[in-house]
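The values are calculated or read from the model by the stated rules, or taken from the named source; none is laboratory data. Remember, it's a predicted structure, so these values are computed and weren't measured experimentally. Because the Cβ atoms are built from the backbone with ideal geometry, glycine has one as well, and the counts that use them run over all protein chains shown. Each accessible area value is taken on the protein alone, full model and side chains, heavy atoms only, with ligands, DNA and RNA left out. Shrake-Rupley method; radii C 1.70, N 1.55, O 1.52, S 1.80 Å.
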Number of protein chains: 2
Amino acid sequence: MSVGRRAYHHGDLRRAILTAALDVISAEGPSALSLRDLARRAGVSHAAPAHHFKDRTGLLTAIAAEGYGLLAATLTDAADLREAGVRYVRFAREHPAHFQVMFTPELLRENDLELTTARALAGETLRNAVSAVPSEGRGTDARLAGIAAWSLAHGFATLLLSHNLTGPMGDQDPEEVFHELTGLLFRSG
Amino acid sequence: MSVGRRAYHHGDLRRAILTAALDVISAEGPSALSLRDLARRAGVSHAAPAHHFKDRTGLLTAIAAEGYGLLAATLTDAADLREAGVRYVRFAREHPAHFQVMFTPELLRENDLELTTARALAGETLRNAVSAVPSEGRGTDARLAGIAAWSLAHGFATLLLSHNLTGPMGDQDPEEVFHELTGLLFRSG
DNA sequence: TCATCGAACTTGTCAATGACTAGATTCGGC
DNA sequence: GCCGAATCTAGTCATTGACAAGTTCGATGA
């Protein structure tokens, strides 16, 4: 199966479709996604993507599952909750398409096995990070601190991706700004 | 022009379409929105909505503009940044469709006049709230506190709407939980 | 009263899309 | 070199968004 052009078998059509889909989503959002357009980009027939992903929802579900896998890998062995937050924001910036799809449930097949397992894994790494609350003398509720940290990181990432922080932040490095934010949340006072 | 059924003129088709659209978006997200479906629900021809909103993007832009107007009204004369945050979360829960569309820029006509003016107004009320940082002795950067508060509120609201907090929160009242979160961010320590 | 003009709505049409079916080609194991 | 299964193609149908042209209504003014 030479990789040369115009083979009947693409070689790695699944990956090619996924990559093209991520490009489109990053640039124009999930609503601009068209299976036929992706097929054209990959140089295959209009029904070829369906073989790998079943339908549009299947493609988006695969993207979300992949995203949760990537997020879990990103979050493993983060030193503490604060660093986990920084990594969370970095993940959103480096994988904006995954991030956006992961948190748009109405686009996904929620009972998909790959999705649920990947999400469960990511949730576990997230919980591990929460259990390692940064040093602060007082007994803050760990559960509450976890929700706070997740909300702060998720909100910051979301506002960043929707271009709502370019005004107030100017040209500062987002990760640096976010690190300062965690300082407000986790100060030892 | 009696309101009786089957008049040639609907009476308030624009509002009817908007309301139906908000229903659909709340239940199935913006991607499930179909102009023809909205027309059917309103009992008018398939091209009637276009007369009021030009196209799908126009409808969504109108929803976003209305959302910014509602948000501005919600945020005016909030006592301090903390209360503004609580109101922000409440707005997201009471107007989930507006909220979702407002922060999905790729669905909107960004240069639309109504949208930009409504957004500017909401931004101003938001800035007013930020300038009223709750009492905390130390000189925290107001700009940073504003970003933190917005991120926290926006993240909490987003995770809430995407059903990602039902696990950790149980059946607690979301607003109460969020109020506790602001306590972590704005403590006087 | 009535002509008129614009707004609101309808009807018809076209290209594009998602989903489905049946069939062709190729790969890998034996 | 044979065969089953995976991969991809080709064709079709219902639905949709967008557009064009025509119809109905109602408010305004003479």
Taking region A:179-189 and keeping residues assigned to a helix (DSSP H, G or I) and either at the interface with another protein chain (Cβ under 8 Å from one of its Cβ atoms) or of a type in the set (Lys, Arg) (or both) leaves A:Glu180, A:Leu181, A:Leu184, A:Leu185
When region A:41-71 is checked residue by residue, the ones that are crowded, with 19+ Cβ neighbours inside 10 Å and either touching a Pro at 6+ places or on another chain (Cβ under 7 Å) or under 30 Å from A:Arg127 (Cα atoms) (or both) are A:Leu59, A:Leu60, A:Thr61, A:Ala62, A:Ile63, A:Ala64, A:Ala65, A:Glu66, A:Gly67, A:Tyr68, A:Leu71
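Quick one: in region A:72-94, which of the residues that are hydrophobic (A, V, I, L, M, F, W, C) and open to solvent by 40 Å² or more (accessible area, probe 1.4 Å) is farthest from the chain's Cα centre (by Cα)?
Here the residue is A:Ala79.
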Flagged in region B:26-37 as more than 12 Å from DNA strand C (Cβ to nearest atom), within 15 Å of B:Gly58 (Cβ to Cβ) and part of a helix (DSSP H, G or I), in numbering order, are B:Pro30
> Regarding A:Leu121, is this residue open to solvent by less than 70 Å² (accessible area, probe 1.4 Å) and part of a helix (DSSP H, G or I)?
Replying inline: no
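Listed here are the residues, each with its yes/no results for (1) more than 12 Å from DNA strand C (Cβ to nearest atom); (2) assigned to a loop (DSSP other than H, G, I, E, B).
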position: B:Arg14; (1), (2): no, no
position: B:Thr19; (1), (2): yes, no
position: B:Asp23; (1), (2): yes, no
position: B:Val44; (1), (2): no, yes
position: B:Ala50; (1), (2): no, no
position: B:Gly69; (1), (2): yes, no
position: B:Ala73; (1), (2): yes, no
position: B:Glu83; (1), (2): yes, no
position: B:Arg87; (1), (2): yes, no
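Do we find that A:His163 is open to solvent by 30 Å² or more (accessible area, probe 1.4 Å), without any contact (Cβ under 8 Å) to a residue 24 or more places away in the chain and closer than 23 Å to B:Trp150 by Cα in this structure?
In short, yes.
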Out of all the residues in region B:121-137, is one or more at the interface with chain A (Cβ under 9 Å from one of its Cβ atoms), over 18 Å from A:Gly167 (Cα atoms) and free of Cβ contacts under 8 Å to residues at least 24 places away in the same chain? no
Residues of region B:23-37 being within 8 Å of DNA strand D (Cβ to nearest atom) and surrounded by 13 or more Cβ atoms within 10 Å (Cβ to Cβ), in sequence order, are B:Leu33, B:Ser34, B:Leu35, B:Asp37
Quick one: would you say A:His52 is modelled with pLDDT under 95 and within 11 Å of DNA strand D (Cβ to nearest atom)? no
